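Derivation of every value follows stated rules applied to the coordinates shown; laboratory data play no part. Here the structure is a predicted model, which is why all the values come from computation and not from measurement. All Cβ positions, even for glycine, are placed from backbone atoms using ideal geometry, and neighbour counts span all protein chains on display.
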Amino acid sequence: MKNKKKYLITITILIVLLAIATYLVNPLSNKDNKQKNIFEINDENDDGRSFTVELGDLGYGNEYTAWALLQLSPSYSFGLKFDNVSIKKNSTILNAYVELFSVGTPGHRNPNCIIYCDNVDNSVNFSEMGVLDICGRNYTKNFVDWNESLPHNKWVKSPSVVKLVQEIINRTNWSSGNSLSILFISKGLNNYSAAFNNYDTGYSARLYVEWKKTDQ
């Protein structure tokens, strides 16, 4: 009888341990197919700014060098290209925003812009194409306004870009691993400006995305 009790206790302990191990390997957050990732700028050509005045077919002043901070002002807009965005087509985007390192000085900490995604299946970098529509970029139908006072020398978050990213992920020819660009387009209003570090100056921008995989 005692041996039978010991046997039952042993079996019970093993079942509990197995359940714990299963939970650790497959936590609840994965059971509903939720995933999250942070995509970072990893090349000097993958962030850049464009002068907003049209002086030719390709715009003017597409800059992506170390001295060209990411800048928003009446004269400048900028863009960010994130590579290897490993999100399957038609996944449901739950949360998404951009993090940038704000280096704006007093009086230059107010972005007044519209944020779009580049509405293509696989976006190219800024050495190939500038930021603006006059440079050949296609803006998503979805967009978000960004206008707030930002701190100096700190990481800041953009407004939610869930709808923008979702529009790209739902494109017919989107494929996991493609590149996605987010474009910060100045409204061109006076007395508004902001500046952020680029890849070359350190603290390069990053895109946070949380999504739910489809069954496809």
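A few remarks follow.
- Peptides 125-134, 139-148, ordered by how many other C-beta atoms sit within 10 Å of their residues on average, highest first, read 125-134, 139-148.
- Where the Cα pairs of segment 32-212 fall when distances are cut into 10 Å bins, in %: 11, 41, 37, 11, 1, 0
- Counting Lys and Arg as +1 and Asp and Glu as -1 over every other residue whose Cβ lies under 11 Å from the Cβ of Ile38, the net charge comes to -1.
- Summed residue charge, Cβ within 15 Å of His108's Cβ, Lys/Arg positive, Asp/Glu negative: +2
- In nm, spacing of pseudo-spin labels at Ser86 and Trp67 (7 Å Cα→C-beta vector): 3.9
- Taking amide hydrogens as placed 1.01 Å from N in the peptide plane, the amide H of Ser123 sits under 5 Å from those of Ser179, Leu180, Ser181, each at least 5 positions away in sequence or on another chain.
- With semi-axes defined as the square roots of five times the eigenvalues of the C-alpha gyration tensor, the equivalent ellipsoid of segment 157-216 measures 28, 15, 11 Å, largest first.
- Charge sum, other residues only, whose C-beta stays under 13 Å from Asn119's C-beta, Lys/Arg counted +1 and Asp/Glu -1: 0
- Asn147-Lys36 pseudo-label distance in nm [points 7 Å out on the Cα-to-Cβ vector]: 3.1
- Pairs beyond 25 Å (Cα-Cα), from Lys89/Lys154; Lys34/Lys163; Lys81/Lys187; Lys154/Lys213; Lys157/Lys212: Lys89/Lys154; Lys154/Lys213
- Distance from segment 117-144 to segment 145-216 (C-alpha centre basis), Å: 12
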